[in-house]
Structure formats: C-alpha cells, structure tokens
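Any read-out appearing in this document is the output of simple, stated calculations on the displayed coordinates, not a laboratory observation. Treat the numbers as computed from the prediction; the structure is a model and nothing was measured. Glycine also receives a Cβ, built like all others from the backbone with ideal geometry; neighbour counts cover every protein chain displayed.
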Amino acid sequence: MGRRASKPEPEFDRELDDLPPDLRWREWMGRVEAVIFAAPAPVGRDVLQKFVGRACNLDLIIDDIRAELHGRPYDLVAVAGGWQHRTKSHFGAAIRAALRVEAKRALSQPELSALLAIGYFQPVTRRELSNIFGQEVSRDLIANLRAAGFIGAGPRSPQPGAPATYVTTDGFLSAFGFASLRDLPDLEALEDAGLLDKAALRDGPLPSPLLDD
C-alpha cells in the first residue's frame, strides 16, 4: 500500500486581515517577541519582517515591546545588527550565583585598546596596530582576542608579502552591546582616556577609519 501523501502546510498569514487592528498589532508584537526570545543570537530586521504584515512598522513594534518590559529584569536591546533579549546588568551577580557561572576574564588594557583600534581601522594588520600604539602588538594578544571570539581574519593586505589583517566579529558587537560599529566611542574620547594617540595615527601608512565613510 502506497504512502499517503502529506497535506501541504498552510500558507503563513503575515497580514492577518481578518483581525481588527488592535488584535492584529498584538499578534505581531507576540510573534516578534517570541522569535527573538527563541533565537540563540540577535535577530535581524530581515528575519522579523517575514512574520509581520508588509505595512507593519517594525520599529514601533519593538518600541511597544520595550515599553511592556519596563520594570522587568530583562530588556530587548539592539545589538550586532539585530535584537536580542538581555538580562539587565543589575542582576548579573544573582544569575552567576544561582547558576554557578564564572565571570569571564576581563580584557587587559592593551587587549581592550587593540580591540578598539581594530574596530576603527579594520581590516588592519598587526604591524599597523603596532604603529598606532608606538610599540609592538604581540601575536599572543591577537590570539587572545581571536580565542575570545572578538576578532577574525580579514582579507589579505595588498602590502608586500600580503600580511594577514584582522576584523571585528558579531561576537564583539554582542559582547559590548553595540548595534553596529557606528556605536563605537568617539576617537576624541579615546584620546582623552589615554587609549589612543591621534598623533600616532598620522605616522606611517594606515587604513582610513571605517566610521568616516
């Protein structure tokens, strides 16, 4: 006896035209929040737009969800080009104690400075990073940032020998709560904090800052 043909899946109804406007909006809110909640990584606009009507303003949906989360121990944040539920930092100690999760090792000052420089000048070589800081950026430091998931390999540099370049990852954006590289601190602020020397940036060939595009 032959296998019974499976029934086709019903077409997903994005528009919800059979619902009154207020219930339609609530359903769209529920879909967006459910998808973000279930996803293991930040969810981008292109994905969320598939579950709401063509005329739906996704930014207003996100605003309404955030408003309903006011006073809750978690929030909906824009990070790494998408949205993700994040527990508020105030409750970090309680979560680590309850789940016996060890806090991650904090970056050293040289690691943090190199990571920010990569964020601004990517793709950038290790030699170019050394020029920025006026001292050698070690291979071990680069290896630590790669192991932490903050940087990855970029395209080979057109310089003689085609040295490796480095770029930041979505893991970097996610860990620091940046929606995109445009959220990086202003270079003037970094100079005031002693993290970068703008005068050093003018010495030797360096790529143009990405944020100036």
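Structure above, values below:
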| read-out | value |
| --- | --- |
| Centre separation in Å (Cα based) which lies between segment 25-63 and segment 112-188 | 32 |
| Point-charge dipole on Cβ atoms (K/R +1, D/E -1) for segment 109-193, about Cα centre, debye to 20 | 480 |
| Packing-based order for 147-153, 67-73, 133-139, using average beta carbon neighbours within 10 Å, highest first | 147-153, 133-139, 67-73 |
| Highest average packing first - 117-128, 160-171, Cβ atoms within 10 Å | 117-128, 160-171 |
